[in-house]
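Each remark here refers to the structure printed beneath this line.
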């Protein structure tokens, strides 16, 4: 059986390979993916399986690695939750535009679309606003205002309030 130093150095080399490219080399390879929690756990189990029984891993080392794994898992969960929050926020923003007049620029057709939002559509990860016959991506909207009908209704209420006799 190889000694613990040889096992540790081979595992460290394996971890270095699985961590991804050295800083500054991402541009060459395009690989920016960090080591995931599954790979981290696999390395930890491999290290435990191949350790010298006469010289087991130090408690501090093991606790440190478990803390790193726990931290990695928490960051992964937080990332998932942040993506969910961002999606819900975008949906909420889109729903708030129902009945509002928007102006958006469609990059595909290179034209401006203006009109009242009649519905919100979700296609995959994209949220679209229905404006007349058009489906406009939420990200293309650059102006939101109250619809003409809402403006006229508010204008009528204000005018009638002014003309009311309070005697």
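The values are calculated or read from the model by the stated rules, or taken from the named source; none is laboratory data. Every value quoted in this text rests on a predicted model; they were computed, and no experiment measured them. Backbone-built Cβ (ideal geometry, glycine too); neighbour counts: all protein chains shown.
Taking residue 47 as meeting all but one of (1) exposed (fewer than 13 other Cβ atoms within 10 Å of the Cβ); (2) touching a helix residue (DSSP H, G or I) at 6+ places or on another chain (Cβ under 8 Å), write down the number of the exception.
Result: residue 47 passes all but (1).
Looking at (1) over 15 Å from residue 139 (Cβ atoms); (2) surrounded by 12 or more Cβ atoms within 10 Å (Cβ to Cβ), can you tell me which one residue 104 breaks?
(1)
Please go through segment 74-112 and pick out each residue that is touching a strand residue (DSSP E or B) at 6+ places or on another chain (Cβ under 6 Å) and part of a loop (DSSP other than H, G, I, E, B).
Across segment 74-112, the qualifying residues are 97, 98.
Within segment 50-73, is even one residue surrounded by fewer than 10 Cβ atoms within 10 Å (Cβ to Cβ), modelled with pLDDT under 75 and part of a helix (DSSP H, G or I)?
As a first pass, look at segment 50-73 and keep what is surrounded by fewer than 10 Cβ atoms within 10 Å (Cβ to Cβ): 53-54, 58-60.
Pick out the ones that are also modelled with pLDDT under 75 and you get 53-54, 58-60.
Adding the requirement that they be part of a helix (DSSP H, G or I) leaves 59-60.
Yes, the conditions are met somewhere in segment 50-73.
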